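The values are calculated or read from the model by the stated rules, or taken from the named source; none is laboratory data. All of these numbers come straight from a predicted model, not from anything done at the bench. Backbone-built Cβ (ideal geometry, glycine too); neighbour counts: all protein chains shown.
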Amino acid sequence: MPQIQLPEEIECFRDRMWNRDPEMRIEDGIAAERFVERVGFASALTDSRRPGPSLYIAVCGRRDAHTPRNVQKDPETRLAWTIKDELLRRGGLFYAKIKGNRSFLISRRLVPHFNTVFGVPRKQELHRLSEPARDILKVLRKEWELSTGDLRRASGINNRISFNRAMDELQRTFKVVPTDVVYDPKFTYIWSVIESRFDAELKLSMSREAALKEMARSYLVSAGMTWRGELARVTGLSSPEAGIGNWGLVDEGVATRLAAGVYRLSELPITVHL
C-alpha cells in the first residue's frame, strides 16, 4: 500500500500522541505502560512502514524510525524488546499476537472491546476453534501455566507448525496469553489462559457495535485523522467493521467524515505545537 500523505498538522499531532519526538521517547517499562494506556493499543515492534502507534517507534522517538537489518546489534531494538518483555511480565497490559505475526499491546480498559470483536465464547469453542487449539486449551485450563515445550508435549501436538498455528489462533481469539519469557537455558514463553490476568475484563459484555465504536474512538483520539483502510489495517478489523466504528463517532459528533473512509477528529486544534 502506498504511503499516504497526511496534513503536517496531523503528523505533528501524531508526533505528540505517539511519542515520535526525541524529547518524548520511551526509556522504561513504566513510561511504556502509560503510553499504551493513553493511546489504547499499539503494535509492539513495527516501524514507520506500518501505520499506527508503536512501542518501537516511541522508543526511537522519531517519525521515520526503521528497523535495521541487524536488529541484534541495534540499541533501540534491544531496548524496545527489553521493555516489551517487562510489560509482558508486569501483566498490566494485554500482550499477544492478534493480527498476523505482529504482537500487539492493548490497555486493560479496551480488553473487553477487543474480546467482544475477536473473542470466541466458551460455548462456541467446539465449532469455532480448531481441534489442535481445543487440545491446547484443555491442557492449559488444567495446568494453568506451562512453557511452550511442555505445552506442546502435554497437548500431544508433535508437529511444530500445527502447534504454532494453533497458538496463534488461541491468542487471536483471546484464549491464551504469554505471562513470562525465559532466555536461559533456552528461549521460551510461559503461557496461561487469559482469565489468569483479565478475568474481570472478560466478564464485561457489550454489543459488537459499541465495541467497534470504542476501538475507533481510541484510535482517532490519538491519530487525529484516519485515512481509508487505516483503522482496519492497524487493528485487523474488516473494512465494514471499521466503518461501523467510525460512523458511530460521526453520529456522536466526535468525528467529521471528510471523504469515503476518511475521518478527522472534530475538535483537533488547528495548530499543534510540540
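For region 110-152, name all the residues that are under 23 Å from Tyr183 (Cα atoms) and outside any helix (DSSP H, G or I).
Across region 110-152, the qualifying residues are Trp144, Glu145, Leu146, Ser147.
Can you name the residue in region 228-254 that is of a type in the set (Ser, Thr, Tyr) and assigned to a helix (DSSP H, G or I) and is also surrounded by the most Cβ atoms within 10 Å (Cβ to Cβ) among such residues?
Applying the first criterion (of a type in the set (Ser, Thr, Tyr)) to region 228-254 yields 235, 238-239.
Of the ones still in play, those that are also assigned to a helix (DSSP H, G or I) are 235, 239.
Values: Thr235: 25, Ser239: 13.
Restricting to residues being of a type in the set (Ser, Thr, Tyr) and assigned to a helix (DSSP H, G or I), the top hit is Thr235.
When you check Ser218 against the structure, is it crowded, with 16+ Cβ neighbours inside 10 Å and under 22 Å from Cys12 (Cβ atoms), yes or no? Lay out the reasoning, then the answer.
Details: crowded, with 16+ Cβ neighbours inside 10 Å: yes; under 22 Å from Cys12 (Cβ atoms): yes.
So Ser218 fits the description; yes.
Please tell me if Val71 is surrounded by 21 or more Cβ atoms within 10 Å (Cβ to Cβ), β-branched (Val, Ile, Thr), over 14 Å from Lys175 (Cβ atoms) and not assigned by TED's automatic domain parsing to the domain that holds Val234.
Judged against the criteria, Val71 is not a match.
Quick one: would you say Thr116 is within 23 Å of the chain's Cα centre (by Cα), within 20 Å of Leu237 (Cα to Cα) and in contact (Cβ under 8 Å) with a residue 60 or more places away in the chain?
yes
Please work out which residue is surrounded by the fewest Cβ atoms within 10 Å (Cβ to Cβ), limiting yourself to region 124-165 and to residues that are touching an Asp or Glu at 6+ places or on another chain (Cβ under 8 Å) and small (Gly, Ala, Ser).
Gly156
From Leu79, Leu93, grab the single residue that is more than 16 Å from the chain's Cα centre (by Cα) and either modelled with pLDDT of 95 or more or not acidic (Asp, Glu) (or both).
Checking each option against the conditions leaves just Leu79.
Based on this model, can you work out whether Arg141 counts as among the charged types (D, E, K, R) and out of contact with any strand residue (DSSP E or B) (no Cβ under 7 Å at 6 or more places or on another chain)?
Taking the combined requirement at face value, the residue does not satisfy it.
With (1) more than 15 Å from the chain's Cα centre (by Cα); (2) of a type in the set (A, V, I, L, M); (3) assigned to a helix (DSSP H, G or I); (4) surrounded by 19 or more Cβ atoms within 10 Å (Cβ to Cβ) as the list, and Leu87 as the residue in question, which single condition is left unmet?
Condition not satisfied by Leu87: (1).
Out of contact with any strand residue (DSSP E or B) (no Cβ under 8 Å at 6 or more places or on another chain) and farther than 25 Å from Asp15 by Cα: does that describe Leu129?
Taking the combined requirement at face value, the residue satisfies it.
Is it the case that region 179-200 has a residue that's surrounded by fewer than 19 Cβ atoms within 10 Å (Cβ to Cβ), farther than 23 Å from Trp81 by Cβ and in contact with a strand residue (DSSP E or B) (Cβ under 9 Å, 6 or more places away or on another chain)?
Within region 179-200, one or more residues are surrounded by fewer than 19 Cβ atoms within 10 Å (Cβ to Cβ), farther than 23 Å from Trp81 by Cβ and in contact with a strand residue (DSSP E or B) (Cβ under 9 Å, 6 or more places away or on another chain).
Give the number of residues within region 173-227 that are in a strand (DSSP E or B) and within 15 Å of the chain's Cα centre (by Cα).
3
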